[in-house]
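Only one structure is covered here, and it is reproduced in the block below.
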Amino acid sequence: MVAAHTSSHSSESAEWIICLDKRPAERSGEDVDIILARLKNVKAFERFHPSLLQQICLCGFYECLEKGITLYRQGDIGTSWYAVLSGSLDVKVSETSSYQDAVTICSLGTGTAFGESILDNTPRHATIVTREFSELLRIEQREFRSLWEKYHHCMAGLLAPPYGVMESSADRMPDKENISNNSFVSVSKHQNKVPSEKLLRAGKVLRNAILSRAPHMIRDRKYHLKTYRQCCVGTELVDWQMQQSSCVHSRVQAVGMWQVLLEEGVLNHVDHELSFQDKYLFYRFLDDEQEDAPLPSEEERKESQEELQDTLLLLSQIGPDAHMRMILKKHPSERTADDLEIIYEELLHIKALSHLSTTVKRELAGVLIFESHTKAGTVLFNQGEEGTSWYIILKGSVNVVIYGKVALLM
């Protein structure tokens, strides 16, 4: 491999490189200690048991690559596994297995690991090219399999690396300001939309049920010397919903169910925030937006009790999609480990991504952004324009027009 730039390292930092350049059988205990001191600072290894890290010090190799070097190509049978010590590499995927039409879908930054296809000898799922001068730790297939068999419980994190180190250049991903502005536009639209009759009724049923079973939940509340009229607390809404039905299995699921109503404008955050959160935040039902909202009559209370279970079942069925949209509308840097896991689980069911490795899917989970177009005929981009984004169609379809000829993508 290309071994330039080694002269730029200080003598102290180059010492561990010299140790890694030795054949494994020639490394002394002192060599291992020197390598170990360096690898302890690598995010990919920070949770490893000391004995596993020591084994990696004994069998790993150092690689340094100039910008633009292809590490391997899509379709190759792998021989090594890699961890990024510094720099970054582009992940390129082609639908035709032709390198010429490969599209960069994400980048692997410092602390990420990749190349797990060597465990089962499957072809490489993507082409990996250095974006800049990069340093890698490489472990050959036989040694990696041996380590995996012995330490797979703690190494599982290597195949699930949402470390928050995904890098995207400005020409491929909107910056934080643009994402925030786009999200604000989405909020404004949702506040002006008319809720569907079905979800309008669902909100009314839940409000009436709360007023019947736990009327203290909907009341005037004070925060920072300001009074918020007739509102509920997010955590209390989640608690209440979980107590009402066996179809609500977790707090995450309950959040998604309330998010359905928030997206429809049937439930609103008092400061018009976009997402429902399981926190001490104030939310208000649509019926309570008006002054002196009437309490439900005895007949309305009875009807709501009868409809409650069907309403919760409906929300449990459409809640996961709403929760996914809520997560994808967050800026990537604000997503939690749970958020990334939910996105990853969704990506597993998308047929167009089935050829991608676990690592690539998890990296995608960290950078995908939600975008919706409700009006047919909206032009995403025109032929001949320089591209800025890569898309996955979650629902609906688009027409692709090339020199006047139309093709349909579902």
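The values are calculated or read from the model by the stated rules, or taken from the named source; none is laboratory data. From a predicted model like this one, the values you see are computed outputs, not experimental measurements. Here the Cβ positions follow ideal geometry from the backbone for every residue, glycine too, while neighbour counts run over all protein chains shown.
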Condition met for Ser250 (out of contact with any helix residue (DSSP H, G or I) (no Cβ under 6 Å at 6 or more places or on another chain) and of a type outside the set (Lys, Arg)): yes
Of all residues in the range 116-146 being of a type in the set (Gly, Ala, Ser) and touching a residue at least 60 places away in the same chain (Cβ under 8 Å), the one that is nearest to Ile17 (Cα to Cα): Ser134
Candidate set: the range 220-243, residues that are over 22 Å from Ser316 (Cβ atoms) and touching a residue at least 12 places away in the same chain (Cβ under 8 Å); chosen: the one surrounded by the fewest Cβ atoms within 10 Å (Cβ to Cβ): Tyr223
Of all residues in the range 310-360 being in contact with a strand residue (DSSP E or B) (Cβ under 9 Å, 6 or more places away or on another chain) and among the polar types (S, T, N, Q), the one that is nearest to Val238 (Cα to Cα): Thr359
Tally, over the range 85-98, of residues that are free of Cβ contacts under 8 Å to residues at least 60 places away in the same chain and not in a loop (DSSP other than H, G, I, E, B): 5
Test set (1) part of a loop (DSSP other than H, G, I, E, B); (2) surrounded by fewer than 19 Cβ atoms within 10 Å (Cβ to Cβ); (3) at pLDDT below 85 - Thr104 fails condition number: (1)
Qualifying residue in the range 217-226 (condition: outside any strand (DSSP E or B) and modelled with pLDDT under 90): yes
Residue among Arg23, Arg47 that is modelled with pLDDT of 85 or more and closer than 22 Å to Arg145 by Cβ: Arg23
Residue in the range 238-281 that is modelled with the lowest pLDDT, counting only those that are in a loop (DSSP other than H, G, I, E, B) and under 20 Å from the mean Cα position of the chain (by Cα): Leu274
The listed residue being within 28 Å of the chain's Cα centre (by Cα) and crowded, with 19+ Cβ neighbours inside 10 Å, out of Leu65, Leu89: Leu89
Residue in the range 297-306 that is in contact (Cβ under 8 Å) with a residue 60 or more places away in the chain and surrounded by 18 or more Cβ atoms within 10 Å (Cβ to Cβ) present: yes
Of all residues making up the range 18-31, the number that are part of a helix (DSSP H, G or I) and surrounded by fewer than 18 Cβ atoms within 10 Å (Cβ to Cβ): 7
Complete set of residues in the range 124-151 that are in a helix (DSSP H, G or I) and under 26 Å from the mean Cα position of the chain (by Cα): Trp148
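Okay, residues lined up against (1) under 29 Å from Lys198 (Cβ atoms); (2) part of a loop (DSSP other than H, G, I, E, B); (3) modelled with pLDDT of 80 or more:
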position: Leu314; (1), (2), (3): yes, no, yes
position: Ala322; (1), (2), (3): yes, no, yes
position: Glu341; (1), (2), (3): no, no, yes
position: Lys361; (1), (2), (3): no, no, yes
position: Leu364; (1), (2), (3): no, no, yes
position: Phe370; (1), (2), (3): yes, yes, no
position: Ala376; (1), (2), (3): yes, yes, no
position: Asn382; (1), (2), (3): no, yes, yes
position: Val400; (1), (2), (3): no, no, no
Tabulated pairs, the range 36-58, first in a loop (DSSP other than H, G, I, E, B), second of a type in the set (Val, Ile, Thr), C-beta under 9 angstrom, 6+ apart or interchain: Val42/Val84; Val42/Thr110; Phe48/Ile56
